[in-house]
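I have placed the structure first, in the form of structure tokens, so that the comments after it can refer back to it.
Computed from the coordinates by the stated procedures, all read-outs in this text should not be read as laboratory data. Note that the structure is a prediction, hence the values are computed from the model and not measured. Positions of Cβ are backbone-derived with ideal geometry, glycine not excepted, and every protein chain shown enters the neighbour counts.
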């Protein structure tokens, strides 16, 4: 395991460490997906917004599965295809963003393949070599690994993965009762290239102009604004300012991470101490996420210049920020913090009443894999 320059990233070439990390990441995202799926089955009032969130988590699961397939021979075969799994160990705990960009390129490559390779024939050759010559042909292993990976990408299709950008999609909602404006729901996702966090965004807005909103212009703008470093109030006000007929009423960002795994990540000392106590078990991890929301509390009319002389002016949103709350300090109306954590790690955490994570909503994974809300 080596450090990449001065950046807080590591390149993992140790086969056991690589497998350990990817298996654990795959399991954790699978648990989050199960949690989302369970909610969708238990809650008959599930909204379109909840279903869209589940859709993005499913895409993230597929992306993690693809990375696991690509790096299955990392450290065992010296080839650029599967070498150098690079991780952000101090901020997100996730693979660095260039792996996500490479995945997108690989999907396009897979979709352009003219003929499907005979993977079973390659497997037969590998088995023959083992029995006849007592030798494992690593080149054949690599070919099989690469072809299985590309087949998975081609079979799934590009819209089933969490990429560096999943473009905004729009749905029209029933009209608002108060002003008759058309209402829309938009959703998109971004793998933050600076901080390596997956982020899911959902926007509900009204449109007061004639005809349809400029979907393409707005979609490109939303993605450009989707940086973890930008506060939610900044994003909402920018949309409100730059698109005169688009009025953001509700903006949500689900910020997935950080992920903490003993022996790999290096986050807060308080977290590391908990999971290090469990380093000889399968319960030496936890993952946090934050849901940030900004809400409109109403509209106001703002003249475009001091020479308007009674002109109607432009509709602007006023956003709800409680100056006494911690959420307001971060530019949001509300912030919900949650984590998923194994039971034994939760027990250790529970014995520390002053630990900052005790204020989080906790989803605890039992020894049998059942998820409990605490």
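Structural remarks
- FRET E, pair residue 323, residue 90, Förster distance 25 Å, beta-carbon r, rounded to 0.05: 0.20
- From the alpha carbon centroid of segment 155-201 to that of segment 259-281 is 33 Å.
- Cβ-based exposure ranking for 243, 171, in which fewest neighbours within 10 Å come first: 171, 243
- The mean of 1/r over all pairs of different alpha-carbon atoms in the chain, once inverted, gives a Kirkwood hydrodynamic radius of 23.1 Å.
- Of 346, 94, 81, the one that fluctuates the most in a GNM where the chain has Cα springs shorter than 10 Å: 81
- Residue with peak Gaussian network fluctuation, the chain [Cα springs, cutoff 10 Å], from 34, 90, 299: 299
- Counting other Cβ atoms within 10 Å as a rough exposure proxy, the listed residues 297, 324, 123 run 324, 297, 123 from fewest neighbours to most.
- Potential extension, residue 272-residue 14 segment - 0.36 nm per residue separation minus Cα distance: 90.7 nm
- Counting only alpha carbon atoms, the long axis of helix 97-112 and the longest principal axis of the chain meet at about 80°.
- Note on the chain: GNM, Cα springs under 10 Å; of 192, 212, 284, the largest mean-square fluctuation is that of 212.
- Distance in nm between pseudo-label sites at residue 171 and residue 47 (7 Å out along the Cβ direction from Cα): 1.1
- One decimal place: the segment residue 108-residue 300 gains 64.4 nm when fully extended, by the rule 0.36 nm per residue minus the C-alpha distance.
- Using alpha-carbon coordinates, inclination of helix 232-242 to the longest axis of the chain, degrees: 60
- 56, 282 arranged by Cβ crowding within 10 Å, fewest neighbours leading: 282, 56
- Nearest-ten-degree value, helix 119-133 long axis tilted from longest Cα axis of the chain: 30
- Available extension along the chain between residue 336 and residue 282 is 16.7 nm, counting 0.36 nm per residue and deducting the alpha carbon span.
- Using the Cβ-Cβ distance between residue 314 and residue 101 with R0 set to 35 Å, the FRET efficiency works out to roughly 0.35.
- Note on residue 250/residue 352: beta-carbon distance plugged into 1/(1 + (r/R0)^6) with R0 of 45 Å gives a FRET efficiency of 0.80.
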